[in-house]
Each structure stands twice: as structure tokens, then as C-alpha cells.
Amino acid sequence: MIRRSGNFTPLRRVAWAYSQASIPGAPKQHAKQSAGASSGVMTANALIDTGAILALLDRTDRWHDSCVDAFHQLRLPLLTSEAVLTELFHLVGDTRPEMEAAWRFVRSGALVLGTIEHAELQHVHGLMSRYWDRPMDFPDGTLVYLARREFLSVILTVDHADFATYRIEGKRQFRVLPAKHP
């Protein structure tokens, strides 16, 4: 669960990177095509959580350097959910530059949005019920569900303790990046 306190000021002056072209040495887009995807729609090779996106955008975040290093190791695009984007825009800050920086990153091609249909929500509910003692929040539940549905196990997140606990289909562990903690 991500909590931001205070303001998010450094992002106002310099937003980290909004597209892979502006990130020296950024990973290239080499995603696999999903069997269930529409023609030409690329799917992701890894997931990304709210805290990692915030860390990428905020150079003063203690996770920034670790997340940038891990981001450079991954192939784009990264899969996320509507719930993660909702949390991102809630936490990113109250000024227009912060919001615009987040939009530039979201629209840069670095992310692909995984849609969860109404009929699939029962699976997210089941995950949240299974991890009630943790507790698993809705954005994390959507990512764990997408990991199962899309056969992914790599996630870029600052929530190491949570994603080290969660299991894909109750069995497989996540490979949590960044590997090094700040």
C-alpha cells in the first residue's frame, strides 16, 4: 500500500523521463503479442506498480535510482491496471506540472493498460480475501490477477514485502525489482 505525505515538489522542475527516447540506455519495446489480444496489440513482459512509477518520476524519492536501474533492465511496455493509474493520479501531487509529468510517462509507450472485465472482478475479490491479513489493496489485487492471467512474474515495485508474500495462482513467487533496496 502506497502512502504519500507532504508535497511532491521536485517533480515540478524536472520530470524524470516521459518516453524511452529521453532515457539514455532505456529498454526497447520488445513485448510479446498476447494470444487474446487484438491484432497488433503488444502485451508486456513485466508489471509495474504505483510506487515504482512515483519513484521514477521523483528524483528525490529514495527509490528513484534503484527503480531507474531496474526500469532500464526491462523490456517495454510494462503492464499496469486502471487501479494503479487511479492511485498514481491521486498520489502524484496537487500541481499541474506533477500531473502533466505523470501523464507524459503514462502516454510515453512505457506502459500498457491491462483491462479487467466485470466478470473477472470475482478473482480480484478472491485474492483480496486470501490476503486480508496483509492486507492486499485493490491495485495490488489487480496486478496479482493480471500476473496470473497474462503469465507474468516480474514486477517493478517498491512494495517488496507485499509482493514477496503474494503468490501467483497460490504457488509461483514474483520476481520483485528493483533487487537492491535504497
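The numbers here are math on the coordinates, done by the rules we state, and not lab data. What you see is a predicted model; the values in this text were computed from it and never measured. A quick note on method: Cβ atoms are made from the backbone with ideal geometry, for glycine too, and the neighbour counts reach across all protein chains shown.
Here are the numbers for this structure:
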item: The listed residue being charged (D, E, K, R) and over 17 Å from D49 (Cβ atoms), out of R104, R134; result: R104
item: Selection within the stretch 43-67 - of a type in the set (D, E, K, R), surrounded by 22 or more Cβ atoms within 10 Å (Cβ to Cβ) and farther than 15 Å from L152 by Cβ; result: D58, D61
item: Counted residues, the stretch 68-100 - those being at negative phi, surrounded by 14 or more Cβ atoms within 10 Å (Cβ to Cβ) and not in a helix (DSSP H, G or I); result: 10
item: Residue among T157, T142 that is surrounded by 13 or more Cβ atoms within 10 Å (Cβ to Cβ), farther than 19 Å from L56 by Cβ and in contact (Cβ under 8 Å) with a residue 24 or more places away in the chain; result: T142
item: Qualifying positions in the stretch 101-124 - part of a helix (DSSP H, G or I) and touching a residue at least 12 places away in the same chain (Cβ under 8 Å); result: A101, A102, R104, F105, V106, E120, H123, V124
item: Residue match in the stretch 104-119 (condition: more than 12 Å from the chain's Cα centre (by Cα), exposed (fewer than 13 other Cβ atoms within 10 Å of the Cβ) and within 20 Å of V154 (Cα to Cα)); result: yes
item: Qualifying positions in the stretch 129-182 - part of a loop (DSSP other than H, G, I, E, B) and of a type in the set (K, R); result: R134, K171, K180
